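Written below as structure tokens is the structure these notes are about.
The values are calculated or read from the model by the stated rules, or taken from the named source; none is laboratory data. Keep in mind it's a predicted model, so treat the numbers as computed, not measured. Here the Cβ positions follow ideal geometry from the backbone for every residue, glycine too, while neighbour counts run over all protein chains shown.
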Amino acid sequence: MLKRFGGVVLGVLFLIAATTLTEATTSNMQSGMICPSRLQLRYPRRCSNGGAREELTEIAVQGLYPKRPLPTESIDPSLGIVPFTYLRSGSEDGTPVYSSYQDALRGQNPVWTVEPGFVFFSWIDRFEEDRKVIYMIAPGIFIRSGGLSRISLTYFHGVALRRTPHRPFAWVLNRVQTSTAPGFGQTLTGRWVNRYDTVWIYDVVRVGNLDWYKVGPNEWIEQRLLAVVEPDPTRPEGVEDDRWISINLYEQTLMVYEGGQLVYATIVSSGLKGWWTQPGVFQVYSKLEGNRMMGAFEADRSDFYYLEDVPWNLYYDKARALHGTYWHNGFGYPRSHGCVNLALIDAHWLYNWTEEGTWVYIFDPTGETPTDPSQFSVGGA
């Protein structure tokens with residue numbers, strides 16, 4: 001009996017102590033006691049809304065912490081391997097082409113000359129004789145090495161995705177230090193991000209004529225330094241299948257959708273001003289693993305280009321195509337005569353995924369790109 005009575009007394013004492021502690025804690029919270037952020041989220045009425053923990057709670061609510069990785073899948077790096085080695089011609093007089101090795105060695109009897117300009121060759125064999133270097137660019141076709149230089153290929157690529165990301169993300173276009181607040185002249189954070197890094201987008205604020213994107217707690221980057229992907233699996237008007245390619249001309253981003261999910265995203269280089277990539281809804285009508293591209297649009301041919309063995313071509317609008325690009329690493333900025341330039345791995349992945357008839361939706365959310373067909377040529381690289 002005494003033991004039972006003692007247990008009751010002890011239980012009452014514990015209850016009183018717990019009640020007192022709870023009341024004291026609640027009182028302290030109401031008077032400014034700060035909870036851990038997880039308790040603030042669970043019991044917002046019992047915790048103070050002030051102090052440093054308020055900022056942590058805001059960070060958690062916005063999704064800034066814990067930081068999630070992009071839901072990516074691995075990409076086979078061998079997709080970027082091309083069976084060619086490329087040369088750039090810097091000759092101001094053009095590059096003679098010969099139909100025999102001996103003619104090339106002597107520099108006699110060229111069968112034709114590739115005019116000067118933006119000129120790239122691919123070669124399949126190389127010979128040295130009498131201190132001269134000769135390249136075979138096709139069976140029985142040769143050029144001399146004068147004015148030629150080898151080029152390095154970029155191995156940048158976009159991301160394959162397991163599912164649609166839960167918020168927008170972006171590629172950094174130039175190395176930059178983040179700012180503590182939106183707008184120019186703000187204190188810098190000391191943290192640098194590099195070209196081709198990816199960042200989440202948590203918020204956007206307009207300051208003057210520019211958008212500033214929140215990329216971390218108290219970290220902001222202005223719009224011109226980012227290529228933003230805003231996932232939108234809604235089928236565009238005019239697209240008649242659940243598989244399509246979307247290209248945002250303002251952001252210079254490409255997105256691939258299948259079955260209501262974003263499955264691939266990357267950055268591209270579309271047409272320059274005057275050689276715009278035409279907005280609209282199209283379908284891929286031809287696939288070519290390799291292709292030679294050449295042309296000029298200016299009356300004086302100052303923009304002449306000659307590009308051998310352009311890999312993984314998807315023609316969708318007259319002479320405009322999505323294709324691999326070995327001659328520049330300027331993705332994220334317009335660079336072409338109307339085609340959509342892709343990094344090699346991206347182009348190969350897209351080539352494998354695409355069928356003839358695949359839909360291509362191209363848009364400019366700013367409306368700055370003309371839509372009048374009369375303003376567009378047939379297009380080019």
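Some notes on this structure:
- Residue in region 274-288 that is in contact (Cβ under 8 Å) with a residue 40 or more places away in the chain, farther than 24 Å from P83 by Cα and among the charged types (D, E, K, R) present: no
- Residue within region 232-241 that is touching a residue at least 12 places away in the same chain (Cβ under 8 Å) and under 17 Å from W200 (Cβ atoms) present: yes
- Taking region 255-328 and the strands (runs of 3 or more DSSP E) fully enclosed by it, the elements with 3 or more residues that are at pLDDT 95 or above and surrounded by 18 or more Cβ atoms within 10 Å (Cβ to Cβ) are at 261-267, 305-317, 320-324.
- Out of G183, G216, sole residue that is outside the structural domain of Y333 (by TED's automatic domain parsing) and either at pLDDT below 95 or closer than 28 Å to E73 by Cβ (or both): G216
- Residue that is surrounded by the fewest Cβ atoms within 10 Å (Cβ to Cβ), among those in region 139-174 that are among the β-branched types (V, I, T) and assigned to a loop (DSSP other than H, G, I, E, B): I151
- Residue count, region 201-222 (criterion: touching a residue at least 60 places away in the same chain (Cβ under 8 Å) and not in a strand (DSSP E or B)): 2
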